[in-house]
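What follows is a short report on a single structure.
The values are calculated or read from the model by the stated rules, or taken from the named source; none is laboratory data. Being a predicted model, the structure only gives us computed values, none of them experimental. Counting neighbours? That spans all protein chains shown, and the Cβs are built from the backbone with ideal geometry, glycine included. What goes into the accessible areas is simple: the full protein's heavy atoms, side chains included, and nothing from ligands, DNA or RNA. Shrake-Rupley method; radii C 1.70, N 1.55, O 1.52, S 1.80 Å.
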Amino acid sequence: MERVFGAGIRLDNERTPALRNALRILPTPEELILPVCPWAQRQEWQVAQPGEQILPERAAALCEARGRAMCPPAGGTVTAVEARTMPGGEEWLCLIVEVNGKSAEPQETIRHKYSRIGREEILQAAAVTSLQDELDGADLADKLRRFVRQKTEILVCDAVCDDPYNTDALRALMENTEEVQMGLALAATACCGIRTMIVTSRAAEALAREAANLRQRIIVPYLDVTGRYPIWENLKHQAPFAGHRVGRIGPQACLRLLWAARLHRAPERCIVTVGGPALRETVHYSVTVGTPISKVLERCEQVESYRILAVRSAIRGESVLSAADTPVTQDTRCILAFPELPPVPRACIGCGRCVEICPSGVFPLYALRAMERGDKKRAEYFGLHHCVDCRACEAACPANIPIAARLMRAAGKRPQPVELWRNRREVRADAMHR
Ligand code: SF4
Ligand code: SF4
């Protein structure tokens with residue numbers, strides 16, 4: 001079943017090549033940077049110390065208070081315990097590990113270990129392996145418990161890849177279709193057996209064969225959508241989602257849940273899209289969690305030296321301060337290299353594009369003007385509190401105004417750090433093709 005949506009940012013331009021290229025496997029590097037916890041929480045964690053040997057099947061860090069553990073994706077020797085700055089600027093406690101090559105069991109053993117497993121066991125497995133959902137970096141066990149509290153009715157495995165560059169979710173689903181569905185079934189059990197569905201966004205026609213093949217292998221209800229960013233802001237008002245409480249998790253989170261529930265192991269690898277205008281091509285890599293981003297980029301041919309590196313998304317992502325000191329984590333999703341810094345924000349020209357593109361009915365330019373005059377009541381009248389921080393308006397704004405960040409701050413919501421790296425020229429051009 002296919003859906004098409006009107007307003008928004010067209011997405012297809014950079015997505016097909018990566019899906020057409022084969023998945024590349026990056027060998028585990030000699031050194032891994034393993035994030036344990038935000039620096040502020042470090043007193044709560046017991047961590048392996050320099051000189052200690054660590055193994056994938058044993059916790060290298062433990063927090064009894066939170067019922068969480070960090071199990072390494074590969075065995076090795078801890079060489080340092082130190083703070084590293086993660087994308088977005090937060091400091092995390094990390095273990096620096098010299099790898100000695102012992103890593104987890106191959107994937108196929110999972111299929112043979114499929115037997116009934118209870119809700120609490122599934123949630124416990126997600127907790128003790130500190131699984132994260134790649135969609136939002138959330139702790140997966142907490143997220144599934146929250147879905148139950150919120151009486152979620154439909155659990156969606158979200159492979160929509162709502163981004164101009166990134167298609168990690170679609171690749172993960174295409175490479176592991178059966179395992180993703182097994183993981184989704186476990187997640188549904190953890191959510192007291194709610195309905196499940198897989199939703200994808202079909203990339204360009206060129207991939208019709210892969211899409212058809214995928215459709216044949218999916219046994220759960222399946223929806224294939226084509227539309228403009230932000231797709232979910234439009235989709236949630238349509239059948240079968242309109243009027244229902246919907247919870248979304250990523251295909252890689254489903255895979256990890258299966259891996260943790262079946263083998264009691266933390267995820268060893270994740271799929272990331274690597275691309276952006278500074279690189280010759282956009283490709284998918286399977287990368288060991290903890291691999292420094294610089295090790296991934298070493299494998300990519302640059303057409304221009306990059307000024308900005310971003311992870312997670314080209315529209316809502318965060319910048320990387322140092323590629324050598326920043327690891328690939330469970331929620332990295334994509335690594336995008338941009339050759340230029342975008343132009344500095346200018347004064348609003350009143351073009352109204354932000355109003356046209358907003359999926360939530362906000363009038364951003366009027367709300368901003370009201371805020372500039374200190375008239376919060378009027379800003380609320382123009383939809384201040386309806387902003388979902390999708391940033392479509394920012395991508396469309398010819399004056400490069402960080403609209404979403406200003407509205408989120410005015411609404412008292414924590415804005416994502418204002419990233420000046422968004423390469424507006426590309427994104428903005430798409431938004432105009434309405
Ligand atoms: S898109 Fe930018 S320049 Fe145009 S009206 Fe909105 S804020 Fe002003
Ligand atoms: S960031 Fe907020 S104001 Fe801007 S398009 Fe999205 S919902 Fe609308």
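Odds and ends about this structure:
- Pairwise label distance in nanometres, Ala242 with Glu356, each label 7 Å out on the Cα-Cβ vector: 2.5
- Accessible area in square angstrom per residue, the chain, 1.4 angstrom probe: 42
- The range 358-382 versus the range 241-268: alpha-carbon centroid distance in Å: 37
- The charge dipole of the range 119-229, taken about its Cα centre with unit charges on the Cβ atoms of Lys, Arg (+1), Asp and Glu (-1) only, comes to about 420 debye.
- Only lysine pairs 8 or more places apart or on separate chains count here, and in the chain those with Cα atoms under 25 Å apart total 10.
- Here the Gaussian network model covers the chain, with springs between Cα atoms less than 10 Å apart; of Arg145, Arg68, Arg84, Arg145 fluctuates the most.
- Amide H to amide H, with H built 1.01 Å from N, Thr326 comes under 5 Å of Ile293, Ser294, counting only residues 5 or more places away or on other chains.
- Residues whose amide H comes within less than 5 Å of that of Arg68, counting only those at least five positions distant or on another chain, are Cys63 (H built at 1.01 Å from N in the peptide plane).
- Residue (of Ser294, Ala83, Leu135) at the positive-pole extreme of the chain, dipole from beta-carbon charges: Leu135
- Solvent exposure of Asp163, expressed as accessible area, is near 10 Å², computed with a probe of 1.4 Å over the protein chains only.
- Residue of Ala59, Ala242, Ala126 that the Gaussian network model of the chain assigns the largest fluctuation, springs spanning Cα pairs under 10 Å: Ala242
- Across the chain, the volume of the C-alpha convex hull divided among the residues equals 142 Å³ per residue.
- Förster radius 22 Å - calculated FRET efficiency between Lys377 and Ala347 (Cβ-Cβ, nearest 0.05): 0.35
- Portion, in percent, of the accessible area of the range 348-417 that falls on carbon or sulfur, probe 1.4 Å: 53
- Taking 7 Å steps out from each Cα toward its Cβ at His385 and Thr16 produces label points 4.5 nm apart.
- Theoretical gain in end-to-end length, Ser286 to Arg307 [0.36 nm per residue, Cα-Cα removed]: 5.1 nm
- Cα gyration tensor shape of the range 141-281, rounded if a/c is under 1.5, else prolate or oblate by comparing a/b with b/c: oblate
- Taking 0.36 nm per residue of separation and subtracting the current Cα-Cα distance, fully stretching the chain between Ala65 and Glu82 would add 4.0 nm.
- Rounded to the nearest 20 debye, dipole of the range 348-417 from Cβ charges on Lys, Arg, Asp, Glu: 220
- Ordering Ala22, Leu384, Ala61 by Cα displacement along the dipole of the chain toward the positive end leaves Leu384 in first place; charges were set at the Cβ atoms of Lys, Arg (+1) and Asp, Glu (-1).
- Estimated at 0.36 nm per residue, the fully extended path between Arg217 and Arg299 surpasses their Cα-Cα distance by 26.3 nm.
- Here the range 348-417 is treated as an ellipsoid with the same Cα gyration tensor; its semi-axes, largest first and in whole Å, are 16, 13, 11.
- Charged side chains reduced to their Cβ positions (Lys and Arg at +1, Asp and Glu at -1) give the chain a dipole of some 1440 debye around its Cα centre.
- Gaussian network model of the chain, Cα within-10 Å springs - most flexible of Ala212, Ala18, Ala188: Ala212
- Nonlocal amide H pairs with Ile9, under 5 Å, H built at 1.01 Å: Tyr229
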